[in-house]
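See below for the structure under consideration.
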Amino acid sequence: MDFFAFFSSLLWPIKWVIEAILVAFHELLTFFGMDGDAGLTWVLSIVGLVLVVRAALIPVFVRQIKSQRRMMEVAPQLKKIQDKYKGKKDQFSREAMSRETMEMYKKAGTNPFSSCLPLLLQMPIFFGLFSVLREAQLEDHPAGVGLLSAELAESFGTSSLFDIAPLHLAISTAEGNVAVIVTAIIMVILMTGSQFITQLQIMSKNQSAEMKASPMYRQQRIMLYLLPLVFAFSGFTFPLGVMFYWLVSNFWTMGQQFLVIRNMPTPGSEAALAREARLAKRNQRKGIVEETPDAGTVVVEEPKNPQREQPVSKNRAKKKQGKKK
């Protein structure tokens, strides 16, 4: 059995959903007057696919944040376990260290792989879209497994961005097509830059002092420089259509992470201190009573506008003075 056919059969449910979303956005865009066979129309349909998938993954992202908070809480305990077995390389010590670490994770209700969950859940989407593109650009342009008819499959499989960069091609299959190569290189640069900024803002602004002293922080620093290699590989092998999905997904992640760090930062981090300063300044302007853990309750009074006195004539002033006497 052909490997791609077997792999495609495993992705059948995912491909059905992908085709349904792509066709829905494609029909919506053509309804508003866009060319149904244009590569830009299919690219925007892929963008719609990203929006739907990432919106559906928001609950998973919230769980990821909570898990990361728990990882921060157990970081000091993790360091104690590592210090306990530091320098011990025998099999018994390694097993004991691994067992105590897993017990600690279990007790805290978290694990070190939780931060990778949103990416892992999207991998079948990547490969499902890759399979849909691959089958759509075959010579006979067979219909998809769902709503992608043979006519739409031919349109998708032969579409080109600005009529010069076919979406089903990658650098490895470009055969000298300069437009495909240049587009892929630009996308790799953007993907690498967006991922680097996302990871850097987490490490520089959203890490507490305890987290920065943990081994996980060192692992994150390593990943910060390894991910560009991953994107370079993907840019060489994945077709442009799949890379558009990945690029837009990276932009979503960057914006989502920025909002989380600004509004729900890790306690004790630089971002948390900045948020507290913003809230204090805002409350001071509004005249809200603030409570501080050190100095107790601090009342910030609103500035009172002095009431303007009405001018009084000389006769009325003399009468008032006479009444007072």
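The values are calculated or read from the model by the stated rules, or taken from the named source; none is laboratory data. Values in this document were obtained by computation on a predicted structure and should not be read as measured data. Note that we place each Cβ from the backbone using ideal geometry, even for glycine, and neighbour counts take in every protein chain shown.
Quick look at the values:
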| item | result |
| --- | --- |
| Unmet criterion (only one of (1) touching an Asp or Glu at 6+ places or on another chain (Cβ under 8 Å); (2) over 13 Å from residue 12 (Cα atoms)) for residue 150 | (1) |
| Flag if residue 160 is crowded, with 19+ Cβ neighbours inside 10 Å and at pLDDT 80 or above | yes |
| Residue check, residue 304 charged (D, E, K, R), over 19 Å from the mean Cα position of the chain (by Cα) and at pLDDT 75 or above | no |
| Which listed residue is part of a helix (DSSP H, G or I), buried (at least 17 other Cβ atoms within 10 Å of the Cβ), without any contact (Cβ under 8 Å) to a residue 24 or more places away in the chain and not basic (Lys, Arg), from 154, 135 | 154 |
| Hits in the stretch 20-63 - residues which are without any contact (Cβ under 8 Å) to a residue 40 or more places away in the chain and of a type in the set (Ser, Thr, Tyr) | 30, 45 |
| Residue list for the stretch 25-60, filter: in a helix (DSSP H, G or I) and more than 19 Å from residue 122 (Cα to Cα) | 25, 26, 27, 28, 29, 30, 31, 39, 40, 41, 42 |
| Condition met for residue 180 (in contact with a strand residue (DSSP E or B) (Cβ under 7 Å, 6 or more places away or on another chain), closer than 20 Å to residue 130 by Cα and touching a residue at least 24 places away in the same chain (Cβ under 8 Å)) | yes |
| Residue in the stretch 263-271 that is modelled with pLDDT of 75 or more and closer than 23 Å to residue 124 by Cα present | no |
